[in-house]
1. In this model, which of 141/281; 97/141; 121/350 are farther than 30 Å apart at the alpha-carbon?
2. Taking only protein heavy atoms into account and a 1.4 Å probe, give the accessible area per residue of the chain in Å².
3. Could you calculate the contour length gain from residue 73 to residue 107, that is, 0.36 nm times the residue separation minus the distance between their Cα atoms, to one decimal place in nm?
4. State the percentage of accessible surface on the chain attributable to carbon and sulfur atoms; use a 1.4 Å probe and exclude ligands, DNA and RNA.
5. Just going by the charge dipole of the chain, with Lys and Arg at +1 and Asp and Glu at -1 on Cβ, which of 51, 137, 122 is farthest out on the positive end?
6. Roughly what would the spin-label model give for residue 291 and residue 396, points 7 Å off Cα along C-beta, in nm?
7. Classify the range 191-239 as rounded, prolate or oblate, taking a ≥ b ≥ c as the square roots of the eigenvalues of its Cα gyration tensor: rounded when a/c is under 1.5, otherwise prolate if a/b is larger than b/c and oblate if not.
8. Any idea of residue 359's accessible area? Nearest 10 Å², probe 1.4 Å.
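The values are calculated or read from the model by the stated rules, or taken from the named source; none is laboratory data. Keep in mind that this is a model prediction, so the values were computed, not measured. Counting neighbours? That spans all protein chains shown, and the Cβs are built from the backbone with ideal geometry, glycine included. SASA here: full protein model, heavy atoms, side chains in, ligands and nucleic acids out. Shrake-Rupley method; radii C 1.70, N 1.55, O 1.52, S 1.80 Å.
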Amino acid sequence: MARKSDFGKGIDWQLVFIYLLLVFMGWLNIYAAVYNESHQSIFDFTQRYGMQLIWIAAALVLAIFILAIDSKFFYVFAYPLYAISIVLLVAVLIFGKEVNGARSWIFIGKLGGIQPSEFAKVAVVLALAKLVSVYGFTFNKISSYFRVGAILALPMGLIMIQPDAGSVLVFFALTLMLYREGMSGWILVIMVFAVVLFVTSLKLGVLVVAIGVLVMSLVALWLIIRKTSLVVGVASGFVLLTVGIYYLGQIARLPITLFVAGVVSAAAISPIALYHAYKSKMLSLLMIVIFFFTSVGFSYSVNYIFNNVLEQHHRDRIEDLLGIASDPLGWGYNLHQSKVAIGSGGFFGKGYLQGTQTKFNFVPEQSTDFIFCTVGEEWGFLGSLTIIGLLFFFLSEFSDLRNDKNRLSQECMAMVFSPFSFFMWL
């Protein structure tokens with residue numbers, strides 16, 4: 001008896017329709033971004049939009065092929081594919097060619113080049129999908145977090161060595177999928193708080209951040225013990241000790257800043273807090289101490305991360321976004337022109353193929369990195385809102401999917417499409 005095919009079983013066709021609609025709209029905007037009157041046909045395969053259509057067709061064929069494959073294939077080969085991707089990431093560090101400051105490409109003769117980090121993204125998704133689909137897996141165990149962390153950390157570390165910070169950031173999108181699988185929401189809270197610390201440290205400085213963290217710690221302490229006099233006493237003692245250490249350093253001509261003096265004071269006071277936490281069995285008091293030192297330590301490391309880990313164009317864009325620095329005619333030209341293009345579209349836009357910023361090439365890389373400028377200029381606020389609304393609905397539809405432990409291929413497809421399709425327009 002022939003085995004009944006389960007092709008298409010469990011597919012959310014509404015989700016597929018939104019995805020295809022976004023792809024189609026993206027293709028139209030690529031055509032608008034590089035429109036040339038001498039090549040008016042959208043099916044001209046000598047142009048970028050024609051080649052994009054070929055890639056879209058190839059992707060659809062690949063998607064159908066993946067859906068047709070027995071789900072056991074993904075279960076069996078998830079870890080081997082992950083291992084192969086790790087080998088490729090190591091190989092690119094040895095045999096790869098440096099492009100734009102990153103050793104992230106392996107060139108194979110006349111066939112062109114491959115970027116192992118792109119394959120690693122899919123391999124990591126497959127490995128995570130297999131892990132969370134194993135019977136008995138739960139995020140209620142600390143060991144589960146270590147296993148997930150190990151799968152993520154190895155490729156992210158190898159990619160960071162290249163260095164390619166942009167690709168590493170993409171992996172953080174997987175935390176949304178892991179949250180859907182049962183990961184604690186506190187992980188997302190910590191990640192958001194880390195971003196806030198990073199931004200405020202750059203914008204306001206580590207001293208201001210340390211003061212803010214201290215105030216938050218004191219408020220948390222008051223909420224736990226409900227003794228105002230004790231909290232005021234701790235705060236007063238901390239301030240007096242900090243000022244004393246600072247001025248002693250000035251007298252002794254030691255390079256002690258207020259930040260360093262504050263950290264030394266906190267280190268001196270914390271043993272008392274830890275002893276009290278141990279005697280009274282107050283775990284929350286221990287968590288406050290850990291929160292303070294972790295937050296302050298991370299804030300202090302921000303400058304090093306910013307100057308030594310991020311690439312120059314990342315630093316430029318962050319500084320421009322935060323208003324720390326501006327160079328509209330130099331490194332900030334692309335971002336400045338993109339804002340002009342989007343803003344010039346108004347509410348309804350200038351009309352399809354009518355964008356002046358687009359036609360006269362004011363925005364470099366407009367068909368790739370800055371494709372949204374075409375949407376903003378020609379489709380206006382209404383069109384931009386439509387695109388963002390579709391992306392939001394796409395993610396919300398995905399979040400309504402339910403696990404099917406016997407259909408691992410669908411889980412893999414969902415985990416692949418949801419985080420990485422989101423970046424299709426960015």
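1. Among 141/281; 97/141; 121/350, the Cα-Cα distance tops 30 Å for 97/141; 121/350.
2. 58 Å²
3. Between residue 73 and residue 107, full extension yields 9.3 nm more.
4. Of the solvent-accessible surface of the chain, carbon and sulfur hold 71 percent.
5. Farthest towards the positive pole: 137.
6. 3.2 nm
7. Oblate, since a/c reaches 1.5 and b/c is not below a/b.
8. Using a 1.4 Å probe on the heavy atoms, I get roughly 100 Å².
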